[in-house]
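Bear in mind that the values in this text are calculations on the coordinates, not laboratory data. All of these numbers come straight from a predicted model, not from anything done at the bench. Please note: Cβ atoms are built from the backbone with ideal geometry, for glycine as well, and neighbour counts cover all protein chains shown.
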Amino acid sequence: MPPDLSIFSKAIQAIENRGIKEFTSLSGSSNALLFSMFKEPCLLLCHSEDTASELYSDTVFWSKFLGIDPPLLIQPRGDPQRLKSLKNLYTAGNTKCIASVEAAVSPIWQRDKFPLLWIRKDSASDRDLIIDTLK
């Protein structure tokens with residue numbers, strides 16, 4: 001017998017229709033279930049990487065159970081998968097994301113670590129200069 005998810009459907013309707021922005025009585029993985037049931041684009045911010053990772057795992061479980069695409073997890077700065085997860089924001093067509101506050105506000109890279117090149121159409125550029133700058 002499948003679980004009765006009507007209370008979660010009602011909660012989503014309340015959020016959509018009345019502008020309710022907060023639920024405080026969710027426990028266990030029920031917050032992941034509620035988030036999984038959202039159809040609109042949204043970002044869920046967590047206070048820590050551990051919380052984001054745990055919530056993401058629970059949400060993947062519920063997404064599989066519901067037969068829907070799981071959200072994207074935005075990896076923290078320094079994680080080798082960070083660029084891939086940010087790229088997926090644009091290419092995967094998935095509109096739900098989970099991230100820690102730190103991961104959401106961290107820049108992709110430090111500006112002073114990469115050279116700035118101005119290349120314009122219809123202007124000559126010295127190939128060797130470009131190569132030397134990018135080394």
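Check the range 3-135 and count each lysine pair with an alpha-carbon distance under 28 angstrom, considering only pairs eight or more places apart or from different chains.
Number of lysine pairs found: 24.
Could you derive backbone 3J(HN,Hα) for the range 97-103 from the dihedral phi with the Karplus parameters 6.51, -1.76 and 1.60 (θ = phi - 60°), listing whole Hz in sequence and x where the residue is Gly or Pro?
9, 10, 7, 6, 4, 4, 5
Hey, what number do you get for the chain at 222 nm if only DSSP H runs of n ≥ 4 count, each worth -39500 (n - 2.57), divided across all residues, to the nearest 500?
On the way: 6 runs with 62 residues, N = 135.
Value at 222 nm, helices only: -13500 deg cm²/dmol.
How would you rank 9-22, 41-54, highest first, on the average number of other Cβ atoms within 10 Å across their residues?
Taking the mean over residues of other Cβ atoms within 10 Å, the ranking is 41-54, 9-22.
When the Karplus curve 6.51 cos²θ - 1.76 cosθ + 1.60 is applied with θ = phi - 60°, which whole-Hz ³J(HN,Hα) does each residue of the range 57-67 get, with x for Gly and Pro?
4, 5, 5, 4, 4, 5, 5, 5, 4, 7, x
Magnitude of the Cβ-charge dipole of the chain, K/R +1 and D/E -1, about the Cα centre, nearest 20 debye? Write out the running numbers ahead of the final one.
Values: 16 positive and 16 negative charges, 73 e Å.
For this selection, approximately 360 debye.
Taking H placed 1.01 Å from N in the peptide plane, check which residues at least 5 places from ASP69 or on another chain put their amide H under 5 Å from its amide H.
Those qualifying (amide H under 5 Å, at least 5 residues apart or on another chain) number zero.
Calculate one ³J(HN,Hα) per residue across the range 9-21 by plugging θ = phi - 60° into the Karplus curve 6.51 cos²θ - 1.76 cosθ + 1.60, and present them in order as whole Hz with x for glycine and proline.
So the J values, rounded to whole Hz, are 4, 5, 5, 5, 4, 5, 5, 5, 8, 10, x, 5, 10.
Please report Rg (one decimal) and Dmax (integer) in Å for the Cα set of the chain.
Just the Cα atoms of the chain yield Rg and Dmax of 20.6, 70 Å.
Using modelled backbone amide H atoms (1.01 Å from N, in-plane), which distant-in-sequence or interchain residues come within less than 5 Å of CYS46's amide H?
The list, which skips near neighbours in sequence, is ALA99, SER100, VAL101.
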